[in-house]
Amino acid sequence: MGDEVGGGEEMKQNSNTTMSTDPNDYTIIKEGEAEILMHANNEVFYNKTQVNNRDLSIAVLRTFISKRKEEHEAMLSKKKKRVPKVSSGEASNGPSQQEITTQNGDKSNGKCEEHVEPSKESGNVLEEPIRATDGKGRELKPARVLEALAASGLRSIRYAREVEEIGQVVALDNDKASVEACRRNIKFNGSVTTAKVESHLTDARVFMLSHPKEFDVVDLDPYGSPSVFLDSAVQSVADGGILMCTATDMAVLCGGNGEVCYSKYGSYPLRGKYCHEMALRIVLACIESHANRYKRYIVPVLSVQMDFYVRVFVRIFTSASEMKNTPLKLSYVYQCVGCDSFHLQSLARTVSKNNSVRYLPGFGPVVPQECTDCGKKFNMGGPIWSAPIHDQEWVTSILENVQSLKERYPAYDRISAVLTTVSEELPDVPLFLSLHNLCGTLKCTSPSAVMFRSAVLNAGYRISGTHVNPLGLKSDAPMDVIWDIMRCWVKNHPVKAQPADQSGTVILAKEPTLQANFARAVASLSKAQAKKVARFLPNPERHWGPKLRAGRTITSKHVSLLGPKALNGSNKDQEGSNSNQEGTGEEEPELKRQKTEDPTIPMSES
């Protein structure tokens, strides 16, 4: 991940120093086909745990380039059919019918941008602006990639070396030491990388604003929140291009600081079991909001929550008419404080009349003041992206690419497991339930996942797992059906009496209107489960999680994050400075309260 612009005093001090030229101060890190030189003093940020992120990005990038070619060929074929036949005399005065294509700026149909040179004669042939091409000009130019926060440049170098159809990679960073390291690593990786990758010392926001619609791929991977970069990023992506965005401030996105989340993303989070998927949907809604300001909109192709971050891949198109559909893709969430019931309320609706469509405010409220299941109040969050967060056709293509090039992905096991689970998710069902939480509310033993899935399927509804949580279940069954199934389960598996004001007691006091059938259904196991394909893998090592921001001094309080080896390694390089601290009485107080971190939960921004 790149260093965030304006990262604090440590980064300012770091940018004024020049790195050592002693070879003994560096270690060679190999990932995929790239090799980088890393200094021992943590001067430039490198995160080993992001290998999953980088591998997945390469897989998506390969699929994007393949889809881009298909769409370009389909567009040329369609336009060739639409061009009217002209006489030989007319043809001599301008470009031939096969050479005529309309400008990309006039398109709103979601196709990729066509990079072709304009003809000097085009103005004499058609009233509409056109781009005339010859046989070579009709070929799609190689994709241009922008990595806004490059740090060591590892990601950019991997893009250049491992994705053959990439034309140019522009690596940016606002830290002098990072740019020096990036340029050194570019040279270290040979002539192919040197020819394709260029590094610039600049503010990514300014660079993206000054290069509108110039890049087919923009990659945002900051240390923390991407919110400050989104406005310029959505302007820098070409029509039909793809924006790859990471957010690691999961404590904020998952409800730890709701007011901070609203200030950064324009949405209020809820602390439900589905909070990680809600984080994905908050980021998507935020990107859409920024895109709408420039008559643009997004189409998500893949959105995942892995390790300690969320990563979204969205295509960006320009269309003022399509932009009107945005409120239909956003919803508020009502979460009961007593039970696991949640309900979504769309921001808008449409009414069709005489071949015209009117956009009207959504009906509401969708819930009463008190929960109909347990009688408790609701918390309200959002708005979130409630439309599909994946394109299942893309997911299938990405998974096929990963499986066909297994040896080229260092994190193959992890990303193939995530993609397999994503491919089996219900695409049109926002958020999910936790079977264990449902049973916790009722204080009952839990049915097996297969039994519960079977009961939902036998009731005539759909159900699937989710890549976010091994125990999560997505279903289009309404909450009253879910609770009826649980009431039927409790009748056969009685529970102890609970206080009358408990949510579970209120729920169980009602008789079920649906008689659940727990007989095993054919589709109760997914294809991956039936084939015993791994879908959720444990962390590969202890202390697997985000590392320290570049420039930070590694001290004893970071052992819970980095492990004792990192501390021992840093003591070697900082022996002199540590001894000086001891002499001046500036050593870290032993009794100072340590901030412990769960490796699965991200650090908040510092």
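The values are calculated or read from the model by the stated rules, or taken from the named source; none is laboratory data. Keep in mind it's a predicted model, so treat the numbers as computed, not measured. Positions of Cβ are backbone-derived with ideal geometry, glycine not excepted, and every protein chain shown enters the neighbour counts. Quick note on the areas: whole protein, heavy atoms, side chains included, nothing else; ligands and nucleic acids left out. Shrake-Rupley method; radii C 1.70, N 1.55, O 1.52, S 1.80 Å.
General remarks:
- A 1.4 Å probe, protein heavy atoms only, puts the accessible area of residue 180 near 50 Å².
- The stretch 223-294 shape via C-alpha gyration tensor axes, a/c threshold 1.5: prolate
- Selected from 215, 254, 299, residue furthest toward positive end of dipole (the stretch 172-328; charges at beta carbon): 299
- For the stretch 341-448, size of Cβ-based charge dipole, Lys and Arg +1, Asp and Glu -1, in debye: 480 debye
- The stretch 337-407: C-alpha gyration tensor shape, a/c 1.5 cut-off, then a/b vs b/c: oblate
- Computed FRET value (nearest 0.05) for residue 27 with residue 263, which takes r as the C-beta separation and R₀ as 41 Å: 0.55
- Surface calculation, 1.4 Å probe, protein heavy atoms: residue 69 sits at approximately 100 Å² accessible.
- When the pairs 353/376; 141/329; 273/295; 264/324 are compared against a 30 Å limit on Cα-Cα distance, 353/376; 141/329; 273/295 fall above it.
- Summed side-chain charge close to residue 523 - residues other than residue 523 whose Cβ falls under 13 Å, Lys, Arg +1, Asp, Glu -1: +3
- Solvent exposure ordering (accessible area, 1.4 Å, most first) of 506, 169: 506, 169
- Within the full protein context, the accessible area of residue 326 is estimated at about 10 Å² for a probe radius of 1.4 Å.
- In the stretch 278-315, chymotrypsin sites (Phe, Trp or Tyr not before Pro) in a DSSP loop with at most 16 other beta-carbon atoms within 10 Å: 294
- Between residue 491 and residue 363, full extension at 0.36 nm per residue minus the direct alpha carbon distance yields a gain of 42.4 nm.
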